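Have a look at the structure below before the remarks.
Read-outs throughout are calculated quantities, based only on the coordinates presented, and are distinct from any laboratory measurement. Bear in mind that the values here come from a model prediction, so they are computed numbers and not experimental data. Please note: Cβ atoms are built from the backbone with ideal geometry, for glycine as well, and neighbour counts cover all protein chains shown.
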Amino acid sequence: MKVQDPKLIDEVFLSKKSAWLYYVARLNQNEIARKIGISKMRVHRLIAYAEKNGFVKTFVEGGFDQTFKLENALKDKYQLKICEVIPNEDQYSDPVEMLGAAGARFIMNQINENNISEFGIGTGSTINSIAKWLPKINQKIDFITLNGSLTSHNSIQTETGINQISYKTNGECYNVGIPLMLVSIEQKEIVENISFIKEIMEKAENTKVKILGVGGLFETSQIVRSNIFSATSIDKLKKAGALGEVAGNFFDKDGGLIKIRETKKISSANVDSFKKSTTVLIAGGSDKIPQLKSVLKSGLFKGLITDEETSKQL
């Protein structure tokens with residue numbers, strides 16, 4: 001069955017996964033609903049959909065035994081508590097759409113199962129995709145930025161991922177609206193001590209659940225394309241060994257945090273706050289492998305949502 005529409009692809013994926021969990025893993029529909037982060041009624045419909053479309057034979061089509069093995073292997077290797085691997089419909093396609101759908105389900109699961117009403121949010125294309133997939137939520141759910149914005153030439157950009165996510169709820173969007181990198185250390189200290197910015201950053205660090213993308217300094221990364229970092233800053237970071245980036249924090253190939261003069265100009269979340277919360281990375285794609293390895297080796301993150309092809313290389 002060949003499908004192209006991302007929403008239909010996600011529906012097929014969820015139906016196969018629900019059926020696999022029901023018939024092979026022997027979970028009941030309540031357990032499946034909690035695991036995937038959807039309602040029991042939808043699980044029932046998805047299993048019926050899988051049966052109707054012939055995914056359930058003498059086995060359940062979808063290869064989830066392989067993805068579960070990959071999830072367990074990643075948990076062991078990087079000491080993760082949460083891991084979800086999304087099968088690739090096409091190993092050469094960009095997985096950002098499916099990762100966005102999985103990220104939206106994770107947020108819904110945290111709201112419904114753990115009563116989470118505040119989320120720390122990073123930046124990146126995957127965060128924008130989550131915003132597209134997240135349904136309307138008639139609850140007060142607040143989203144707080146964990147770092148400065150990837151705004152071009154220091155301009156104010158209102159349609160960021162966190163803004164789009166917040167439109168889906170009755171809660172508040174807390175966005176500091178300052179660039180990811182300031183002109184100088186002195187300017188950063190002045191700006192971050194402005195009372196409302198300081199309050200937002202403290203609020204972000206205290207969130208129990210943080211959703212983060214993974215970036216870096218490769219040519220197509222948002223940090224490079226945004227021109228928020230000068231060529232000189234990028235060069236200095238690379239010479240210091242910077243590879244993976246999460247919420248404005250850079251890590252070397254062994255997971256060590258980069259601490260140089262350039263990083264002191266970056267408006268970023270304190271990494272100590274990552275250890276105190278459920279901090280989940282959502283990223284994938286062949287261009288992210290070195291960056292993902294870099295940040296995962298830090299041991300700071302408790303969760304990972306990625307795609308099957310990426311997981312094999314991790």
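Using +1 on the beta carbon of Lys and Arg, -1 on that of Asp and Glu, and nothing else charged, what's the dipole of the chain about the Cα centre, debye to 20?
620 debye
Classify region 181-275 as rounded, prolate or oblate, taking a ≥ b ≥ c as the square roots of the eigenvalues of its Cα gyration tensor: rounded when a/c is under 1.5, otherwise prolate if a/b is larger than b/c and oblate if not.
Judged from the Cα gyration tensor, region 181-275 comes out oblate (a/c at least 1.5, b/c at or above a/b).
Once you've got the Cα coordinates, tell me which of 198/253; 239/265; 75/297; 238/275; 198/297; 81/265 are over 24 Å apart.
Check vs 24 Å cut-off fails for 198/253; 238/275; 198/297; 81/265.
Taking the structure as given and computing Rg and Dmax of the Cα atoms in Å, which label from [x] 19.7, 66; [y] 24.8, 77; [z] 22.8, 83 fits?
Computed from these coordinates, Rg and Dmax of the Cα atoms in Å corresponds to label [x].
First measure r as the distance between the Cβ atoms of residue 28 and residue 253, then evaluate 1/(1 + (r/R0)^6) with R0 = 41 Å and state the FRET efficiency to the nearest 0.05.
The calculated FRET efficiency here is 0.40.
Please list 228-241, 176-189, 275-288 highest first by mean number of surrounding beta-carbon atoms within 10 Å per residue.
275-288, 176-189, 228-241
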